[in-house]
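Visitor: One structure, as structure tokens, below. Some questions next.
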């Protein structure tokens, strides 16, 4: 049994999901890990929140440091306005509301013909936006954005380097349990392979695809596994 710490009452916040009492406040959305072309499509193949079939224009806007929370996060953190969270508290929130995802997209310019993009995501309601900011400060990476699809704010980490160096070490030291923990182990193996650029090898990419599609899902996959493997078979790898 994991005993999560009880955080004291804080100004300008509403209660978080686990062991915390706070006061209400507003907030604004955050940034993205980088801007995308207007016609960019992100076919998330392991997306428990069902974001795969939502328009990227409506749901994944390109944001920059000039209009995002990430631009002010460090300043707020230095002023002591963000609260340092207990590591087990973070793991507990992710156990209930977090997702480990791997998206694939056809990229004919690549030798293997398929782009592989792992991502970590945590979704909370607007009343818990400040908690997402605390979590962003905890990991010192990632972005916060608003999703019109399910009307939640999402903290996301898509940088492979940040996933490998900041996200994986936390959950290896403070592990998840049950199906979420099993998904994390598969996700961690995929991240390590992508970080080592092994996904550019056709045989390794085939292993990654099988791992990604074996992860526990509640949402629909946009691209069937057989379709991905067919694309891979068309390339000379």
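Visitor: For residue 224 paired with residue 111, estimate the spin-label separation in nm (one decimal), with each label point 7 Å from Cα along the Cα-to-Cβ line.
Guide: Computed distance between label sites residue 224 and residue 111 equals 3.0 nm.
Visitor: While we're here: Can you sort 134, 150, 162 from fewest to most other Cβ atoms within 10 Å of each residue's own Cβ? If you can, show how the numbers build up before the last one.
Guide: Working: 134 26, 150 13, 162 17.
Final ranking by Cβ density, sparse to dense: 150, 162, 134.
Visitor: Sort 207-214, 166-173 by the packing proxy (mean of other Cβ within 10 Å over each peptide's residues), most packed first.
Guide: Those peptides, ordered most packed to least, come out 207-214, 166-173.
Visitor: Cut-off is 10 Å between beta-carbons; in what order do 222, 151 appear when sorted fewest neighbours first? Can you show the working numbers first?
Guide: Working: 222 18, 151 10.
The fewest-first ordering by Cβ neighbours comes to 151, 222.
A short reminder: the numbers here are calculations on the coordinates, not readings from a lab. This one's a predicted model, so the numbers in the text were calculated from it and none came from an experiment. Here Cβ is always computed from backbone atoms with ideal geometry, including for glycine, and neighbour counts include all displayed protein chains.
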